[in-house]
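Remarks on the structure that follows.
The values are calculated or read from the model by the stated rules, or taken from the named source; none is laboratory data. Because the structure is predicted, anything quoted here is derived from the model rather than measured. Backbone-built Cβ (ideal geometry, glycine too); neighbour counts: all protein chains shown.
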Amino acid sequence: MIGLRFVSLFALMLVCGSGIRAQEAAPADALTDEVTDGLVDPLAESLSNEERVVEERANQTAVIESSAAENFAVDDSMAVIGELRTTQSMYEDTLVDIARVHGLGYEEIRLANPAVDAWLPGEGTEVRLPTQFVLPKARRSGLVINIAEYRMYYYFRDGDDTLVTTFPISIGRMDWGTPLGRAAVVKKVKDPSWYPPQSIIDEWAADGRELAQRVPPGPGNPLGQYAIRLSIPGYLIHGTNRPAGVGMRVTHGCIRMFPEDIEHLFPSVPVNTAVQIVNQPFKFGWQGDDLYLEVHPPLETKPTESAGVEDPNGTDPWSLTSITELYIRVTDTREANVNWKLIDQVYAERLGIPVHVGTARVPGEAVAAVVPEPVPDL
């Protein structure tokens, strides 16, 4: 990949998340500005099984000097941004390498390319880049985090225009879930210290290991160089010293970003910015007269939790019935002719890419069977 500098993945191994849970807020001075270099990463021994697979099988990961995020102008009539793209892999590439170069996370590029070997795509293999997105159903202001698609959206004003940009993220694993709801940005710190909560310290002690109560800034700090504190006690949006894990469900609840992405976002997001955290694996959206459906695999939940917290059906979590409910909502004021067979296919395949499934119906027009473009195959 021209213009990129590669380093061994061992220098960029994955890390657990920020390690700060709700009800376990860090001290008031937990985010400081001091810098200390040379610290060995305190979480290097606690990788999840999935993280270890990535660490062991990926060959290299790119060090990117700037974010790949783009700005898109949006209005109330638009719900789809970007466009699907493809690229060809080089011999030494893995999907992890390709994803980072194009501003994508691990899960989304893997879902979009089910027939491609994640670790040995091979020379000249066509790789689909899921760089088109149906916007989540949420107020278009500030930060919108959709945990189901491992992605964050930032809405901001530029004169009279509303712009949106989007970034891949890591989220909390099942036993340290990222909370849903509304929040706000309350503090921003460059070169933060990290204070592990007692629960993580105890987790380490149970394994016969010791974890310091404070991890100072520097290359061993799992928060990376930037941290944005939310009004939900103990939760952060932060960078990482191990970017290969971005786009996975591996943190202790916080939102983890590529270093280049949070460096891009950090100066743009003021304190008091609104934050919405949603769980929307199924998304319908209009682009002109075309109706699109984007389906992601719903996140697994613990048996004690409700899998359908935001499921519009409510009683049958994240089923095809849920998609029917969403379709009724999106066509409430604008009817459409849709291809239900294609909708069934999109639901079954769950590739995480928007697919054209219908077209706006002219007022007074009879219901017609339409055959939009099929799901593209590699």
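Table: residues versus (1) of a type in the set (Gly, Ala, Ser); (2) modelled with pLDDT of 95 or more; (3) over 30 Å from residue 226 (Cα atoms).
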{"position": "259", "(1), (2), (3)": "no, no, no"}
{"position": "263", "(1), (2), (3)": "no, yes, no"}
{"position": "285", "(1), (2), (3)": "yes, yes, yes"}
{"position": "293", "(1), (2), (3)": "no, yes, yes"}
- Matching residues in region 132-162 - criterion: being surrounded by fewer than 21 Cβ atoms within 10 Å (Cβ to Cβ), in a loop (DSSP other than H, G, I, E, B) and in contact (Cβ under 8 Å) with a residue 40 or more places away in the chain: 137, 138, 139, 140, 141
- Query: Of the residues that make up region 117-133, is at least one at pLDDT 95 or above and of a type in the set (A, V, I, L, M)?
  - Reply: yes
- Those residues of region 321-334 which are in a helix (DSSP H, G or I) and either modelled with pLDDT under 70 or charged (D, E, K, R) (or both) amount to 325, 329
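This table checks each residue for (1) among the hydrophobic types (A, V, I, L, M, F, W, C); (2) buried (at least 24 other Cβ atoms within 10 Å of the Cβ); (3) touching a helix residue (DSSP H, G or I) at 6+ places or on another chain (Cβ under 8 Å).
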{"residue": "189", "(1), (2), (3)": "yes, no, no"}
{"residue": "210", "(1), (2), (3)": "no, no, yes"}
{"residue": "213", "(1), (2), (3)": "no, no, yes"}
{"residue": "220", "(1), (2), (3)": "no, no, no"}
{"residue": "235", "(1), (2), (3)": "no, yes, no"}
{"residue": "242", "(1), (2), (3)": "no, yes, yes"}
{"residue": "254", "(1), (2), (3)": "yes, yes, no"}
- Query: What do you reckon, is residue 239 at positive phi, outside the structural domain of residue 296 (by TED's automatic domain parsing) and among the small types (Gly, Ala, Ser)?
  - Reply: no
- Query: Within the set of pairs 6 or more residues apart or between chains, which connect a residue that is under 12 Å from residue 127 (Cα atoms) inside region 76-100 to a residue that is in a loop (DSSP other than H, G, I, E, B) and among the β-branched types (Val, Ile, Thr) with Cβ atoms less than 6 Å apart?
  - Reply: 85/131; 89/125
- Task: Would you kindly identify the strands (runs of 3 or more DSSP E) lying entirely within region 222-283 that contain at least 1 residues that are within 30 Å of residue 356 (Cα to Cα) and in contact with a Lys or Arg (Cβ under 8 Å, 6 or more places away or on another chain)?
- Result: 249-251, 274-278
- In region 335-378, which residue that is in contact with a Lys or Arg (Cβ under 7 Å, 6 or more places away or on another chain) and either within 21 Å of residue 110 (Cα to Cα) or surrounded by fewer than 17 Cβ atoms within 10 Å (Cβ to Cβ) (or both) is modelled with the lowest pLDDT? 378
- Task: Mind counting the residues in region 86-117 that are part of a loop (DSSP other than H, G, I, E, B) and under 19 Å from residue 66 (Cα atoms)?
- Result: 4
- Query: What do you reckon, is residue 151 under 24 Å from the mean Cα position of the chain (by Cα) and within 22 Å of residue 81 (Cβ to Cβ)?
  - Reply: yes
- Message: Taking the condition of being within 25 Å of residue 267 (Cβ to Cβ) and at pLDDT 80 or above, how many residues in region 205-221 meet it?
- Response: 6
- Restricting the first residue to region 175-204 and requiring it to be at pLDDT below 85, which pairs with a second residue that is charged (D, E, K, R) and crowded, with 19+ Cβ neighbours inside 10 Å meet a Cβ separation below 8 Å and a spacing of at least six or different chains? 176/21; 197/21; 199/21
- Query: When the residues of region 284-297 are filtered to those that are in a loop (DSSP other than H, G, I, E, B) and either under 15 Å from the mean Cα position of the chain (by Cα) or in the same structural domain as residue 137 (by TED's automatic domain parsing) (or both), which remaining residue is surrounded by the fewest Cβ atoms within 10 Å (Cβ to Cβ)?
  - Reply: 297
- Per the filter on region 47-85, residues more than 30 Å from residue 290 (Cα to Cα), assigned to a strand (DSSP E or B) and either among the aliphatic types (A, V, I, L, M) or at pLDDT 60 or above (or both) are 62, 63
